[in-house]
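Here the structure comes first, spelled out in structure tokens, and everything after it is commentary.
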Amino acid sequence: MTANCILERVTETKSTNDDLLVRWRAGELIDPVARIAHKQTAGKGRAGRAWLANPEDSLCFSLAFPFKRTPSELSGLSLLVGLAVIVGIAQACDLSEAELQAAGLHLKWPNDLLLNNGKLGGILIEGGQAKAGDPTWMIIGIGINLRNAEMIAANLDSGIKINSLSLLTIGAPDIEYLWLKIIASLEHHLAEFDLQGFKSYKDRWMNWDAYRDQSVCISGAGKDPVYGIAKGVDETGALLLQQDNKIVAIHAGDVSLRIQS
Ligand code: ATP
């Protein structure tokens, strides 16, 4: 697989997602664009949370991709992106998906990659449809820790466990090589997703689910926390929670999943 989209490399920017969002809003995007920054000075996660990255130790890039689907038909997109990133990591590290699973790689609903229960990467999706009939442009931001996870953890006040790809391969893969493998995988998966939606990826996603059958708490979006046993996802990518004898579906918005010990 090789990348077909326009590739842009910059030494420094605030946020590659913001750069591409500005161009989308100005009507300047025509073909898919992947933009990588050596250094992001204001990398962001969801809801304005910060994404920290040291140049050399992190892969941070955004891909602007046009979908024929309307925004409401893109449910499950962040889950599909997680699957596509895993394929790219497997290729770049020359490891099989079984080897990655054995090493503790998982997906955390709706938008994180975990390695050995530590956060390895995050996915931030923004964008939309300017007007009816236009393509839906989604700006997909991806941050992956390559090495020196302890330096990132030391600068986070959340106290969460952080891991990096150097746990998988000695020295972690070359940033450029990993970037190109992930983009090529994303282009392939996103084109397929545009045709068939999340449904056909559901079972594949469940194979990587970090918290299946575990007690979890869903919080955020200004609502009361919701507790239950995680039961994977449905065909729209909604998280299924078992509560007593019923199953409730939680749709991704700005909600966070936490394990209940
Ligand atoms: P949650 O874990 O609550 O679901 P989230 O997945 O929505 O959060 P994001 O908003 O995507 O998290 O990412 C921002 C959060 O990720 C920050 O609040 C911080 O805790 C954590 N974080 C920031 N930089 C890194 C990094 N390089 N590696 C791992 N985690 C990071």
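Electrostatic bookkeeping for Pro135 treats Lys and Arg as +1 and Asp and Glu as -1; over the other residues with beta carbon under 10 Å from its beta carbon, the sum is 0. Equivalent-ellipsoid semi-axes for segment 151-261 (Cα gyration tensor, √(5λ), whole Å, largest first): 28, 23, 13. Summing +1 for each Lys or Arg and -1 for each Asp or Glu among the other residues whose beta-carbon sits under 15 angstrom from that of Tyr177 gives -1. Under a Gaussian network description of the chain, with springs only between Cα atoms under 10 Å, the residue in Ala26, Ala130, Ala149 that fluctuates furthest is Ala26.
Taking the convex hull of the alpha carbon positions in segment 100-219 and averaging its projected area over all directions gives 9.9 nm². By other beta-carbon atoms within 10 Å, ranking Val81, Val10, Val87 with the fewest at the front produces Val10, Val87, Val81.
Principal semi-axes of the equivalent ellipsoid, √(5λ) from the alpha carbon gyration tensor of segment 27-147, are 26, 17, 13 Å from largest down.
Cross-link pairs exceeding 27 Å between alpha carbons, from the set Lys131/Lys181; Lys199/Lys246; Lys119/Lys181: Lys131/Lys181. Are there any helices in the chain, counted as whole DSSP H runs, that stretch 20 Å or more along their axis by Cα and score at least 1.0 on average by Kyte-Doolittle, and if so which? The answer, listed by residue number, is 77-93. For the options Gly43, Gly222, Gly128, a Gaussian network treatment of the chain with springs between C-alpha atoms closer than 10 Å singles out Gly222 as fluctuating the most.
Calculate, for Ser219 and Ala102, the FRET efficiency according to 1/(1 + (r/R0)^6) with r their C-beta to C-beta distance and R0 45 Å; round to the nearest 0.05. With R0 = 45 Å, the Cβ-Cβ based efficiency is 0.90.
The convex hull defined by the C-alpha atoms of the chain has an orientation-averaged projected area of 13.8 nm².
Computed from the Cβ-Cβ distance with R0 of 51 Å, the FRET efficiency linking Gln196 to Ala154 stands at 0.75. Over segment 26-83, the ratio between the Cα radius of gyration and 2.2 N^0.38 Å evaluates to 1.35. Identify the residues of segment 207-242 with backbone N under 13 Å of a label point that sits 7 angstrom from the Cα of Val248 along the Cα-to-Cβ direction, or state none. Label zone hits: 216-220, 223-230, 239-242.
Around the Cα centre of segment 58-181, unit charges on the Cβ atoms of Lys, Arg, Asp and Glu (plus for the first two, minus for the last two) sum to a dipole of about 240 debye.
Quick note: the coordinates plus some simple rules give every number you see, no bench work behind them. Because the structure is predicted, anything quoted here is derived from the model rather than measured. Note that each Cβ is placed from the backbone with ideal geometry, even for glycine, and that neighbours are counted across all protein chains shown.
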